[in-house]
Amino acid sequence: MVFLFMLINFADKAVIGLASVPIMRDLGLSNTQFGELGSAFFLLFSISGVAVGFLANHVRAKSLMLAMAVVWAGALLPISWVSSFGLLLLSRVVLGAAEGPAFPVALHAVYKWFADRQRALPTSVVACGAAFGTGVIAPLITWIIVHHGWHAAFGALGAAGLAWAALWFLCAEDGPIDGIAPQSGALLRVRYRLLLSSRTAIGVFLAGFGAYWVIALNIVWLANYLIKGLHMSPFEASWIVALPAVMQMVLAPLLAWLSQILARRGLSSRVSRGFLGALCVVTSGLSMICMALLEVGVLKTFLIGLGFSIGSVIFTLGPTLIGEISPAPQRGAMLGITNSIHTLAGLCAPYVMGLIVDVGANPEAGFRAGYLYAGALVAAAGLLAAVLIHPQADLRRFRRLTRNTQTGS
């Protein structure tokens, strides 16, 4: 059910990009205006992620996820019969506010069923739901758009959200992990200032920001780039849009499994989670740079798949690092804050790409420049994260400062 929750969540995000060409044509939008529409989704995304993250410390995950799904449906269904830029803009803002907390709350719900050492693989399953919603069902959404119009695609996703909410209400339960006594030596509480300024948190923030820049470009601009920049048909573009999702569904569990193997062989989580996740973000940035420079062909298609998929591994390994350094009573808030910082990239990336495309000599040249700049930004964020992430050092620091506070020294 949590997998399906994330599938619907990301399908709701992806529909705007898949329908970008008919929306821009019907509403007479420029690339910059459409970029504003894409960025509007993230206007309240991060704020709501933080607010609901703190709320998740006190409210059942089942109730929060049910409320989110109902609001998603309410934001999408009016678009199935009304054609207005203002209403579409409002719908995206409301949808973004309701979807902002989705990933951290979903992980918080899953973490109530798995201990720290077991969380990488379950996290990858949740992340695969996002990949499936972004790309694997893209051909189906495109078919609806081509044969029934873009309004019908929004309506279908709204109905899917209501159906999921009904099933979730009937079958969901919160897990028992947070109800057990803490292990010996576990931190009961750490000041949020210390948690947020730790090396690990800052490193995960940077890596996730870079990776989410890629996700935002995928959701809002990839289909448009393939159709306008590379002159593909909508159906050809939909299959290439699906490729990153397919690759992510292979890479996320595979690399999560590798992370757990490395940990069992005695490597620290700095290596098994931090270095591995940061390397994936760097690879994403470099792949995007190379992809932008190549002509259409098999290698370019492969690099599109790799560049838009492998960086998302940090959304599997990053939350496990945040969960590792965060006491259980503060984990929901920390996951919410982390996701909100990551998704600030979504507020910037679509608008920046739209500006770059509009000032380019033609769409192909504009997209090429935009992806080169984006690739450099993402690779740099991954390198900085690799240097910073060090959960063992942060935990030692937390214990020392907590002990000093308790003794008054």
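The values are calculated or read from the model by the stated rules, or taken from the named source; none is laboratory data. All of these numbers come straight from a predicted model, not from anything done at the bench. Note that we place each Cβ from the backbone using ideal geometry, even for glycine, and neighbour counts take in every protein chain shown.
Of note:
- Residue within the stretch 62-69 that is in contact with a Gly (Cβ under 7 Å, 6 or more places away or on another chain), in contact (Cβ under 8 Å) with a residue 24 or more places away in the chain and crowded, with 23+ Cβ neighbours inside 10 Å present: yes
- A278 surrounded by 20 or more Cβ atoms within 10 Å (Cβ to Cβ) and modelled with pLDDT under 90: no
- Test: residue in the stretch 13-32 that is surrounded by fewer than 23 Cβ atoms within 10 Å (Cβ to Cβ), over 26 Å from H147 (Cβ atoms) and out of contact with any Leu (no Cβ under 9 Å at 6 or more places or on another chain): yes
- Options W239, W257: the member that is in a helix (DSSP H, G or I), more than 26 Å from L383 (Cβ to Cβ) and either at pLDDT 90 or above or of a type outside the set (A, V, I, L, M) (or both): W239
- Taking first residues from the stretch 162-189 that are farther than 21 Å from F3 by Cβ and charged (D, E, K, R) and partners that are at pLDDT 55 or above and not in a helix (DSSP H, G or I), the Cβ contacts under 7 Å between residues at least 6 apart in sequence or on separate chains come to D178/K112; R189/P327.
- Inspection of the stretch 227-235 identifies no residue that is within 21 Å of G346 (Cβ to Cβ) and out of contact with any helix residue (DSSP H, G or I) (no Cβ under 6 Å at 6 or more places or on another chain).
- Filtering V387, V378 for residues that are part of a helix (DSSP H, G or I) and either among the hydroxyl-bearing types (S, T, Y) or surrounded by fewer than 20 Cβ atoms within 10 Å (Cβ to Cβ) (or both) leaves a single hit, V387.
Every residue, every condition in (1) over 30 Å from V59 (Cα atoms); (2) more than 19 Å from the chain's Cα centre (by Cα); (3) at pLDDT 85 or above, yes or no:
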| site | (1), (2), (3) |
| --- | --- |
| E324 | no, yes, yes |
| H342 | no, no, yes |
| A345 | no, no, yes |
| I356 | yes, yes, yes |
| Y373 | yes, yes, yes |
| T407 | yes, yes, no |
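- If you filter the stretch 28-61 down to residues that are in a loop (DSSP other than H, G, I, E, B) and without any contact (Cβ under 8 Å) to a residue 60 or more places away in the chain, you find that the one that is farthest from A159 (Cα to Cα) is H58.
- Test: residue in the stretch 151-161 that is more than 26 Å from F308 (Cα to Cα) and without any contact (Cβ under 8 Å) to a residue 12 or more places away in the chain: no
- Scan of the stretch 108-148 for residues that are among the aromatic types (F, W, Y), in a helix (DSSP H, G or I) and at pLDDT 80 or above, ordered by number: Y111, W143
- Sub-9 Å Cβ pairs linking a first residue in the stretch 9-27 that is closer than 12 Å to V220 by Cβ to a second residue that is among the acidic types (D, E) and crowded, with 21+ Cβ neighbours inside 10 Å, at least 6 apart or interchain, are K13/E99, ordered by first then second residue.
- Of the residues making up the stretch 294-308, those that are surrounded by fewer than 22 Cβ atoms within 10 Å (Cβ to Cβ) and not in a helix (DSSP H, G or I) are L294, E295, V296, G297.
- One residue from M288, M334 being in a helix (DSSP H, G or I) and under 23 Å from Q248 (Cβ atoms): M288
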